[in-house]
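Chemist: Below: one structure in structure tokens.
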Amino acid sequence: MSEIKNLQRIASQVRRDIVRMVHACQSGHPGGSLGCTDYLTALYFHEMKIKPEVFEMDGVGEDLFFLSNGHISPVFYSILARRGYFDVSELGSFRKLHSRLQGHPTTHEGLPGVRMSSGSLGQGMSVAIGAAQAKKLNNDQSLVFVLMGDGEQQEGQVWEAAINAAGKNVDNLVAAIDFNGQQIDGPVSKVMPLGDLKAKYEAFGWIVYPLNGNDMQEVIDTLKLARKNAFQGKPQLLLLKTEMGQGVDFMVGTHKWHGAAPNDEQLRLALAQLEETLGDY
Amino acid sequence: MEFKIQNYQDTRSGFGAGLYEIGKLNPKVVALCADLIGSLKMDAFVKDFPERFFQTGISEANMIGMAAGLTIGGYIPFTGTFANFSTGRVYDQIRQSVAYSGKNVKICASHAGLTLGEDGATHQILEDIGMMKMLPGMTVIVPCDYNQTRAAVHAIAAFDGPVYLRFGRPKVPNFTSETEPLIIGKAQMLQEGTDVSIFATGHLVWKAIEAIQQLEKEGIHAELINIHTIKPLDNEAILRSVSKTKCVVTAEEHQRNGGLGDSIAQLLALNLPTPIEMVAVDDQFGQSGTPEELLGLYGLETADIIAAAKKAISRK
Ligand SMILES: Cc1ncc(C[n+]2csc(CCOP(=O)(O)OP(=O)(O)O)c2C)c(N)n1
């Protein structure tokens, strides 16, 4: 099987996990999760050098990933479980009492694979910069990845971090934005237009790669390029053009599924569109 | 006294209804929201008064600063977002641009406390009352149901000064009078009694009503007072009640540190030292779960108030 085909099969199972998880607890955020599935699959199953068997907080010698838009925890948990950080059966506990799989990711219950709590938007890139600076102090040649939302770009802290990463040459940092054009109150372009994001980050001193974040080939090629261009003085940003709800036809093209769970019938319709490739949890 | 449940409604809907009404009554009322119009129930205001509504996107610090600015020129801004992002996220903006600058901003905060439920601890702020009450000049109001939240919006619109208004997400019993105004700083007597004074706020007022009804069956006559205004505290009403009952229970959906119980303990320690039991979260973060599960797990249920009352009485 080709690598692309293999990654797509994993992504299909992750998408099944996502809709089943939010359906089971009747809450959570499927839209952004489905849109970012291809990117996280490519990162965790192809690009990142990681040791899921023995999770260590410090991750010395490993690539690190931080989820800044913590509400898309369903995709993050599914990816971590499918990659072996913890047993997939635990996905069934999502958002339930005494679960390690909290509504938003946290280190508080010691879930392997999570290095920072998130949920309050806008904070992840700062943490990623700190972790990237720690890697430099440790002479560690691995990379630090962080994913943010496009609505999240409205938070001022993101831009404090963007100035810092470029101004201090944090060139082992690879950020990404889930550029799906949607947020809670509607299209980003209406709620609070971001202008030309690519030009803005470039003006700050970043290398920016616009790409289709739902095209697996494009994603892995761009990640490869980013690793090649690391350690050359500039932070890098992947501007992932994605579809919120990607993979489930009735969840695409609207912000309705940002934070809404499918009912039984909608679950059935969604699962019919997503092949079970690795076995449901 | 009988407490009749008129219906089950979320307090945030009381906020939305009140905001719409004062928007109609007073053209100086403006509203701001940071990408949570639906969650804050601000839709009606947004629809009918679009020119007086400011969507700030996900930028709470900017929203608080803008609200402060809007007061300069005579407007009365109401900001809307979740309680965590209304306080913790923007504490210094509130401190400097609103409180210290003495600006007439109404910080309206939904999804406070554990009863936000499944979103989990990142969103379940339990420290907001403490942060807000520590700011000099800040008024802190925590209404107990839909009607009272609606009344609170009218009251704070008419009041000149910065206010923190805290409400929540789940549907809870709506039992206060639809026509009774909220008087800022004036505690609400719900049941007179002699054996113990129970001071409750927010969602725990209904739990306390259930508790006093059970206690009554056991022959314990509890006094129940709704402290909807945490600051300024109604010292007089509290001291009057405690002089009579000689023991106290406080109940709130907040950390014990910095909450209502802490304010009342301070008042009593300085004026009338009295045994006090506090029903509150004990120095912990919350977690995901249903509102009822969480109230049970963190000791904020009717049974916890009953147990606290008995313990307080035994310490007299
Ligand atoms: C600081 C902060 N403010 C508000 C929220 C509430 N909130 C959660 S997700 C969201 C919208 C995020 O939009 P975007 O980053 O575009 O993510 P998407 O909807 O595309 O998944 C908001 C406002 C939050 N979690 N944190």
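The values are calculated or read from the model by the stated rules, or taken from the named source; none is laboratory data. What you see is a predicted model; the values in this text were computed from it and never measured. As a convention, Cβ positions derive from the backbone with ideal geometry for all residues, glycine included, and neighbour counts pool all protein chains shown. The protein model used for the area step is the full one, side chains on, heavy atoms only, and it has no ligands, DNA or RNA in it. Shrake-Rupley method; radii C 1.70, N 1.55, O 1.52, S 1.80 Å.
Chemist: Just to confirm my numbers, what's the Cα centroid distance between the stretch B:22-44 and the stretch A:254-281 in Å?
Modeler: Using only Cα atoms to place each centre, the spacing works out to 34 Å.
Chemist: When the helices in chain B are scored as -39500 (n - 2.57) per DSSP H run of 4 or longer and the sum is shared across all residues, what 222 nm value do you end up with, to the nearest 500 deg cm²/dmol?
Modeler: -11000 deg cm²/dmol
Chemist: Using only protein heavy atoms and a 1.4 Å probe, how much accessible area in total is buried between A and B, to the nearest 100 Å²? Please report the intermediate quantities before stating the final value.
Modeler: Numbers: alone 11440 and 12580 Å², together 22040 Å².
So the total buried area for this chain pair works out to about 2000 Å².
Chemist: Now a separate question. Quick one: dipole size for chain B, taken about the Cα centre, charges +1 on Lys/Arg Cβ and -1 on Asp/Glu Cβ, in debye to the nearest 20.
Modeler: Dipole of chain B, to the nearest 20 debye: 700 debye.
Chemist: In degrees between 0 and 90, to the nearest 10, how far off the longest principal axis of chain A does helix A:216-229 point, with axes built from Cα atoms?
Modeler: The helix A:216-229 is inclined about 20 degrees to chain A.
Chemist: In addition: How much accessible area per residue does the protein assembly as shown have, in Å², with a 1.4 Å probe? Could the numbers behind the result be given before it?
Modeler: Details: 22040 Å² over 597 residues.
On a per-residue basis, 37 Å².
Chemist: A further question on this structure: Want the number for A:Glu265 to A:Ala199: 0.36 nm per residue separation, take away the alpha-carbon distance, what's left?
Modeler: So the chain would gain 19.4 nm between A:Glu265 and A:Ala199.
Chemist: With angles folded into 0 to 90 degrees, how steeply does helix A:156-167 sit against the dominant principal axis of chain A? Use alpha carbons for both and round to 10.
Modeler: Helix A:156-167 sits roughly 40 degrees off the main axis of chain A.
Chemist: Follow-up. Where does chain A land on Rg/Rh, using Cα atoms and the Kirkwood Rh?
Modeler: 0.94
Chemist: Antiparallel DSSP bridges in chain B: what percent, to the nearest 5?
Modeler: Taking every DSSP beta bridge within chain B, about 20 percent pair in antiparallel fashion.
Chemist: Let me ask another. Counting only the heavy atoms of the protein chains, how much of A:Ser126 is accessible to a 1.4 Å probe, in Å² to the nearest 10?
Modeler: Its accessible surface works out to 50 Å², give or take rounding.
Chemist: On a C-alpha basis, how far is the centre of the stretch A:94-153 from the centre of the stretch B:161-233 in Å? Whole number, if you could?
Modeler: If you average the Cα positions of each part, the centres end up 40 Å apart.
Chemist: Here is a further query. Using +1 on the beta carbon of Lys and Arg, -1 on that of Asp and Glu, and nothing else charged, what's the dipole of the protein assembly as shown about the Cα centre, debye to 20?
Modeler: Roughly 860 debye, rounded to the nearest 20.
Chemist: Volume per residue, Å³, of the convex hull around the alpha-carbon atoms of the stretch B:204-316? Walk me through the numbers before you get to the answer.
Modeler: Working: hull volume 11.4 nm³, N = 113.
Cα-based convex hull of the stretch B:204-316, divided per residue, equals 101 Å³.
Chemist: Let me cross-check A:Ile207: its accessible surface, 1.4 Å probe, with only protein heavy atoms counted, in Å² to the nearest 10?
Modeler: Accessible area, nearest 10 Å²: 50 Å².
Chemist: Hand me the GluC sites (Glu not before Pro) from the stretch B:156-236 located in a DSSP loop with no more than 15 other Cβ atoms within 10 Å, in residue order please. Mind showing how you got there, number by number?
Modeler: Numbers: sites: B:Glu178, B:Glu192, B:Glu210, B:Glu216, B:Glu218, B:Glu223, B:Glu236; in loops: B:Glu178, B:Glu192, B:Glu218.
Passing both the DSSP loop test and the Cβ count: B:Glu178, B:Glu192, B:Glu218.
Chemist: Then there is this: Return the percentage of antiparallel bridges among DSSP beta bridges fully within the protein assembly as shown, rounded to the nearest 5 %.
Modeler: 15
Chemist: Once fully extended, how much extra length lies between B:Leu25 and B:Glu218, figured as 0.36 nm per residue of separation less the alpha-carbon to alpha-carbon distance?
Modeler: Extending this stretch completely gives an extra 64.7 nm.
Chemist: Sticking with this structure for a sec: How large is Rg over Rh for the protein assembly as shown, taking Rg from the Cα atoms and Rh as the Kirkwood inverse mean of 1/r across Cα pairs?
Modeler: 1.00
Chemist: Under 8 Å for C-alpha pairs, at least 6 residues apart: give me the relative contact order for chain B, rounded to a whole percent.
Modeler: 18
Chemist: Still on this model: Accessible area, 1.4 Å probe, largest first: how do B:Glu293, A:Glu160 sort?
Modeler: Listed by decreasing accessible area, they come as A:Glu160, B:Glu293.
Chemist: Using the crude model of +1 on Lys and Arg Cβ and -1 on Asp and Glu Cβ, and no other charge, please compute the dipole size for chain A relative to its Cα centre, in debye to 20.
Modeler: The dipole of chain A has a size of about 260 debye.
Chemist: Then there's this: What 222 nm value per residue comes from the helices of chain A, counting each DSSP H run with n ≥ 4 as -39,500 (n - 2.57) and dividing by all residues, nearest 500 deg cm²/dmol?
Modeler: Result for chain A, helices only: -11000 deg cm²/dmol.
Chemist: Sorted by accessible area with a 1.4 angstrom probe, largest first, how do B:Arg166, B:Arg240 fall? Please report the intermediate quantities before stating the final value.
Modeler: Numbers: B:Arg166 10, B:Arg240 140 Å².
The most accessible residue leads, giving B:Arg240, B:Arg166.
Chemist: Please determine, in degrees from 0 to 90 and to the nearest 10, the orientation of helix A:124-137 with respect to the longest principal axis defined by the Cα atoms of chain A, where the helix direction is its Cα long axis.
Modeler: Between the helix axis and the principal axis of chain A, the angle is about 50 degrees.
Chemist: Report the calculated FRET efficiency for B:Lys186 and B:Glu2 (r = Cβ-Cβ distance, R0 = 25 Å), to the nearest 0.05.
Modeler: That gives a FRET efficiency of 0.65.
Chemist: On to the next question. Calculate the FRET efficiency for A:Gln26 and B:Ala303 from the Cβ-Cβ distance with a Förster distance of 25 Å, rounded to the nearest 0.05. Walk me through the numbers before you get to the answer.
Modeler: Values: r = 27 Å, r/R0 = 1.08.
Calculated value: 0.40.
Chemist: Might you work out the accessible area of A:Ile10 for me, using a 1.4 Å probe with all protein chains in place, and round it to the nearest 10 Å²?
Modeler: 10
Chemist: Among the lysines in the stretch B:8-174, how many pairs, 8 or more places apart or on different chains, have alpha carbons under 23 Å apart?
Modeler: 13
Chemist: Still on this structure, I have one more. Name the residue farthest towards the positive end of the dipole of the stretch B:196-255 from the options B:His228, B:Val249, B:Ala200, assuming +1 on Cβ of Lys and Arg, -1 on Cβ of Asp and Glu, about the Cα centre.
Modeler: In the stretch B:196-255, that residue is B:Val249.
Chemist: Assuming R0 = 45 Å, can you tell me the calculated FRET efficiency for the pair A:Lys168 and B:Asn271, based on Cβ-Cβ distance, to the nearest 0.05?
Modeler: Numbers: r = 55 Å, r/R0 = 1.22.
E between A:Lys168 and B:Asn271, to the nearest 0.05, is 0.25.
Chemist: Accessible area of chain A with a 1.4 Å probe: how many percent of it is carbon plus sulfur?
Modeler: Within chain A, the accessible surface is 52 percent carbon and sulfur.
Chemist: Compute for chain B: radius of gyration divided by Kirkwood radius, i.e. Rg/Rh, restricted to C-alpha atoms, rounded to two decimals. Kindly include the intermediate steps, with their values, before the conclusion.
Modeler: Numbers: Rg = 18.6 Å, Rh = 19.3 Å.
In chain B, Rg relative to Rh is 0.96.
Chemist: Could you rank B:Thr290, B:Thr201 by how accessible they are, 1.4 Å probe, largest area first?
Modeler: Solvent-accessible surface, decreasing: B:Thr290, B:Thr201.
Chemist: Hey, another quick one. So in chain A, what percent of DSSP beta bridges are antiparallel if you round to the nearest 5? Write out the running numbers ahead of the final one.
Modeler: Details: 2 of 24 bridges.
About 10 percent, rounded to the nearest 5.
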